[in-house]
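Asker: I am attaching a structure below and will ask some questions about it afterwards.
Here, each number is a calculation from the coordinates, and none is a lab measurement. Source: prediction; values computed, not measured. Virtual Cβ from ideal backbone geometry, glycine too; neighbours counted across all protein chains shown.
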Amino acid sequence: MRDNEAIYKKYLEELKTQLIEEYKNLGLKASGEYERGLEYEIEDNVLRMVAPYHSWFMEHGRHSSQKFPPRKAIEDWIEVKEGLPPVFREKKKQFAYLIARKIAEEGIRVPNSFNKGEVISKIVNEFLGKTVYRMIDELGIVYLRKIKSDILREFKNVKSIN
């Protein structure tokens, strides 16, 4: 692994950790699918953080519509969400239907009493506003070493010609 890729990985791991911590701190963890699905990609000098589909709704909410959200996803959420009364699990299909209907009719506004919002954007903005500069500093040192090495090699080549 090249030096710059190791630096990229270090900072993307830091970003991933911060994103997971924020969603846990806000009490948004249910199934853990978000943290398991967070991945980063490094392709040449392009860095990309990829999140599960439902991340969009954690950040932005959902508009009301005629279409119900997937009830299976709500049933899974009921199964793993801590703090729900036992009756939710006992009558999972009925509650999933009621929740899906309410979401279809009213949507989910973010921020709300359960999600203050900015679960992703707050962390990404901090990363871009502060952390990325530390990464650039480290990358600068790597590139300076490479340039110094290239220059010294050229001087040695010139010296050996004379």
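Asker: About the Cα centre of the chain, how large is the charge dipole given +1 on each Lys and Arg Cβ and -1 on each Asp and Glu Cβ? Please answer in debye to the nearest 20.
Answerer: It works out to roughly 180 debye.
Asker: How large is the direction-averaged shadow of the alpha-carbon convex hull of the chain, in nm²?
Answerer: So the Cα hull casts an average projection of 12.4 nm².
Asker: What residue among K81, K122, K67 shows peak mean-square fluctuation when the chain is described by a Gaussian network model with Cα springs under 10 Å?
Answerer: K67
Asker: Which entries of K29/K116; K72/K102; K24/K67; K24/K122; K9/K116 show an alpha-carbon separation above 19 angstrom in the structure shown?
Answerer: K24/K67; K9/K116
Asker: Helix 3-25 against the longest principal axis of the chain: what's the angle in degrees, Cα atoms only, rounded to the nearest 10?
Answerer: Approximately 20 degrees, to the nearest 10.
Asker: Given bins 5 angstrom wide, list per bin the percent of all Cα-Cα distances in the stretch 64-107, short to long.
Answerer: P(r) over the stretch 64-107, rounded to whole percents: 5, 27, 30, 21, 12, 4.
Asker: If I take every Cα pair under 8 Å that is 6 or more residues apart in the chain, average their sequence separation and divide by the length, what percent do I get for the relative contact order?
Answerer: Reported relative contact order: 29 percent.
Asker: Now, a different point. Farthest toward the dipole's positive end in the chain, which of I20, M135, S113, given Cβ charges of +1 (Lys, Arg) and -1 (Asp, Glu) about the Cα centre?
Answerer: So the residue we want is S113.
Asker: Please determine, in degrees from 0 to 90 and to the nearest 10, the orientation of helix 132-161 with respect to the longest principal axis defined by the Cα atoms of the chain, where the helix direction is its Cα long axis.
Answerer: Once rounded, the angle reads 20 degrees.
Asker: I'd like the chymotrypsin sites (Phe, Trp or Tyr not before Pro) in the stretch 54-162 restricted to DSSP loop residues with at most 16 other Cβ atoms within 10 Å, sorted by number.
Answerer: Within the stretch 54-162, the qualifying chymotrypsin sites (Phe, Trp or Tyr not before Pro) (loop, at most 16 other Cβ atoms within 10 Å) are F114.
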